[in-house]
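S.K.: Got a structure for you, written out below as structure tokens; questions coming shortly.
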Amino acid sequence: MDQPQSAIRSILIVGGGTAGWMTAAALSHALGKRCAISLIESDEIGTVGVGEATIPPIKLFNDTLGIDEAQFLRETKGSFKLGIEFVDWARRGHRYFHPFGTFGKPFDLVAVHQHWLAARAVGSPVPLDDLSMAWGAAKHGRFARPMADPRSVASTFDYAYHFDAGLYAAFLRRYAEARGVVRVEGKVADAALAGDSGNVASVTLHDGRTLAADLFVDCSGFRGLLIEGALATGYDDWTHWLPCDRAVAVPCVTGGDGLTPFTRSTAHAAGWQWRIPLQHRTGNGYVYCSRHLSDDEAATTLLANLDGKALADPRFLRFTTGRRRRFWNRNVVAIGLSSGFMEPLESTSIHLIQTGIAKLLAYFPTRDFDPLLIDEYNRVAITEYERIRDFLILHYKLTARDDAPLWRDCADMAVPDTVALKIAHFRHGGRLVARDMDLFGPPSWLAVHIGQLNDPVSLDPLLDTTNSAGFVDRLAGAIESMARSMPMHAAFLQQIGATTL
């Protein structure tokens with residue numbers, strides 16, 4: 001049993017932004033006064049701040065910290081998110097929805113989508129999207145929280161948020177500082193290693209100050225000042241599967257269809273454009289492949305496809321999709337962009353910060369830094385990254401577009417066996433193969449398989465198609481009726497006091 005003298009007494013977080021302040025808030029909440037927590041950040045260094053859309057587990061993070069939802073949405077200018085609409089991904093002129101939640105409720109042993117496939121085969125015009133409660137509400141611009149009654153179709157969806165990442169970091173900074181976290185203004189110039197262990201012993205700032213700690217959390221962004229700069233951990237590059245390596249972002253005045261409760265991803269010739277509606281503006285960006293498009297061309301395309309007037313100059317970002325070979329190396333844990341980058345197609349950037357923090361707390365070390373804990377942390381983290389990677393690859397691989405080199409290359413590329421197996425199973429019989437630690441479950445994979453035209457050639461042999469068409473019609477009708485009873489998204493924000501508009 002560990003002795004008290006082996007406990008972690010000090011933690012230094014290198015870098016602020018969303019990753020740094022999420023980490024500081026969570027650690028200060030969990031550890032209280034048992035450990036001194038400091039965070040270094042510089043006002044001179046900007047943050048990436050493009051990840052303004054989230055997925056449902058963010059609610060658990062906020063709830064664990066005791067954060068009131070309405071206050072959080074007010075202070076971050078946030079809105080609700082029911083899923084992502086994909087436009088022009090399978091082919092030009094085609095769109096589909098990836099919902100948070102399930103497609104309906106099963107009424108027998110066979111999955112709902114099998115009944116939908118059978119109904120479609122006999123002429124049913126009901127799209128799969130219409131069997132999703134999330135889309136039922138989203139397409140009408142409506143929102144309400146899910147019902148607790150499992151018998152209601154209104155219990156079958158989930159939600160997340162859109163918010164201003166900079167305001168969220170500021171919100172969490174106030175939370176963390178109120179619980180004893182000390183912010184240090186400065187820029188890291190160097191890191192010193194302990195000769196006996198090879199651990200990071202301290203960092204030196206440009207003004208000469210030296211800060212030591214037992215445990216270091218690297219939230220320094222793509223630079224990876226400690227995980228790479230000091231420890232040379234290495235990086236696995238995934239751009240041969242996920243070819244986009246640039247992004248240009250610009251906010252604009254909210255216009256068009258307004259404060260929609262969903263994110264939109266629109267495919268262009270060399271990548272895709274995001275649209276994220278907030279209370280005070282709409283966030284936009286074009287994620288693209290530099291082999292097929294110049295920065296100037298990307299900015300021109302983005303500015304030509306905004307809802308309203310641009311509110312700032314375009315801001316460019318370069319990245320390499322992939323991951324560090326180790327997320328935890330010696331006494332340094334990399335969280336956020338320092339650990340790797342997953343392009344923002346399915347809004348996982350903030351989630352990966354959250355899971356990094358959760359694992360750090362689950363495997364919290366002593367000053368002995370037991371390799372058993374570190375190895376397990378890395379095993380879980382690598383698996384999580386690879387599962388998300390596979391889901392993102394699915395979007396690129398399953399395309400029928402042949403109008404641009406990027407999409408032709410993606411359709412022809414060899415994919416990991418883990419992706420190929422899922423594609424083959426669904427194409428053969430509409431079966432959804434789940435894997436250990438899949439972040440995105442069968443309904444998510446179903447949405448992309450069908451949305452990107454990976455149609456099965458046969459159905460579940462247990463399926464009795466007698467009632468399929470009637471079941472599909474009744475389910476779609478119940479969803480439509482329930483959706484129309486919900487308040488408009490903006491009105492719901494006002495009802496719960498979540499907006500200052």
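S.K.: Helix-derived [θ] at 222 nm for the chain: sum -39500 (n - 2.57) over DSSP H runs of at least 4, divide by residue count, nearest 500?
M.R.: Here the helix-only value at 222 nm equals -10500 deg cm²/dmol.
S.K.: Right, another one. Apply 1/(1 + (r/R0)^6) to the Cβ-Cβ distance of Thr210 and Arg318, taking R0 = 35 Å, and write down the FRET efficiency to the nearest 0.05.
M.R.: Approximately 0.65, to the nearest 0.05.
S.K.: Ok, one more. Which order do peptides 400-409, 76-85 fall in by mean Cβ count within 10 Å, highest first?
M.R.: The peptides rank, most packed first, as 76-85, 400-409.
S.K.: Right, another one. Which whole-number value in Å³ per residue fits the convex hull of the alpha carbons of segment 246-318?
M.R.: Cα convex hull per residue, to the nearest whole number: 76 Å³.
S.K.: Between Glu177 and Val253, how many nm apart are label points set 7 Å from Cα along the C-beta direction?
M.R.: It is 3.4 nm.
S.K.: Also: If r is the Cβ-Cβ distance from Arg92 to Asp196 and R0 is 56 Å, what FRET efficiency results, to the nearest 0.05?
M.R.: In this case the efficiency is close to 0.35.
S.K.: Which trypsin sites (Lys or Arg not before Pro) from segment 196-271 combine a DSSP loop assignment with at most 14 other Cβ atoms within 10 Å?
M.R.: Those that pass, being in a loop and sparsely packed, are Arg209.
S.K.: When the Kirkwood hydrodynamic radius is evaluated over all pairs of different C-alpha atoms of segment 290-402, what value in angstrom, to one decimal, is obtained?
M.R.: Taking every pair of different Cα atoms in segment 290-402, averaging 1/r and inverting gives 16.8 Å.
S.K.: To the nearest 0.05, how large is the calculated FRET efficiency for Arg34 and Asp417 if R₀ is 30 Å and r is the Cβ-Cβ distance?
M.R.: 0.10
S.K.: What order do you get for Tyr385, Tyr235 when you list them from fewest to most C-beta neighbours inside 10 Å?
M.R.: Listing Tyr385, Tyr235 from fewest to most nearby Cβ atoms yields Tyr235, Tyr385.
S.K.: Per residue, how big is the convex hull of segment 84-211 when only Cα atoms are used? Give it in Å³.
M.R.: 289 Å³
S.K.: Okay, next question. P(r) for segment 378-457: what percent of alpha-carbon pairs falls in each 5 Å bin, starting at zero?
M.R.: Percent of Cα pairs in each bin: 3, 15, 26, 25, 16, 9, 4, 1, 0.
S.K.: Can you bin segment 68-139 into rounded, prolate or oblate? Criterion: square roots of the alpha carbon gyration tensor eigenvalues sorted a ≥ b ≥ c, rounded for a/c under 1.5, prolate for a/b above b/c, oblate for the rest.
M.R.: It is oblate, given that a/c is not under 1.5 and a/b is not larger than b/c.
S.K.: Using Cβ contacts closer than 10 Å as the measure, can you line up Met437, Met482 from fewest to most?
M.R.: If I rank by nearby Cβ atoms, fewest first, I get Met437, Met482.
S.K.: Is the chain rounded, prolate or oblate when judged by the Cα gyration tensor, a ≥ b ≥ c being the square roots of its eigenvalues, rounded requiring a/c under 1.5 and prolate requiring a/b larger than b/c?
M.R.: prolate
S.K.: A follow-up question, please. Can you find, among Ala53, Thr500, Gln5, the residue farthest towards the positive end of the dipole of the chain? Put +1 on the C-beta of Lys and Arg, -1 on that of Asp and Glu.
M.R.: Farthest along the dipole direction, towards plus: Thr500.
S.K.: Using only Cα atoms, tell me the angle between helix 371-397 and the longest principal axis of the chain; keep it within 0 to 90° and round to the nearest 10.
M.R.: In the chain, helix 371-397 runs at an angle near 40 degrees to the longest axis.
S.K.: Sticking with this structure for a sec: Using 0.36 nm per residue, how much length does the chain from Ala170 to Thr300 gain when fully extended, once their Cα-Cα distance is taken away?
M.R.: That works out to 43.6 nm of additional length.
S.K.: Okay, next question. Starting from the Cα of Lys33, draw a straight line to each of the aspartates and glutamates and keep only those under 14 Å, dropping any in the same chain fewer than 8 residues away.
M.R.: Glu177
S.K.: Also, I was wondering about something else. For segment 426-501, rounded, prolate or oblate, judged on the Cα gyration tensor with a ≥ b ≥ c (square roots of eigenvalues), a/c < 1.5 rounded, else prolate if a/b > b/c?
M.R.: Note, shape of segment 426-501 comes out oblate.
S.K.: While we're looking at this one, here's another question. Determine Rg/Rh for segment 1-154; Rg is computed over alpha-carbon atoms and Rh is the Kirkwood hydrodynamic estimate from the same atoms.
M.R.: 1.12
S.K.: Another one. Could you work out how much longer the chain between Val122 and Thr465 gets when fully extended? Use 0.36 nm per residue separation minus the Cα distance between them, nm to one decimal.
M.R.: My answer for the length gained is 122.5 nm.
S.K.: Can you tell me how much longer the chain between Ser6 and Arg427 gets when fully stretched, taken as 0.36 nm per residue apart minus their C-alpha distance, in nm with one decimal?
M.R.: The span from Ser6 to Arg427 would gain 146.1 nm if fully extended.
Read-outs: derived from the displayed coordinates by stated rules, not from any lab. On a predicted model such as this, the values are computed, not experimentally measured, just so you know. Ideal geometry is used to build each Cβ from the backbone, glycine not excepted, and the neighbour counts take in all protein chains shown.
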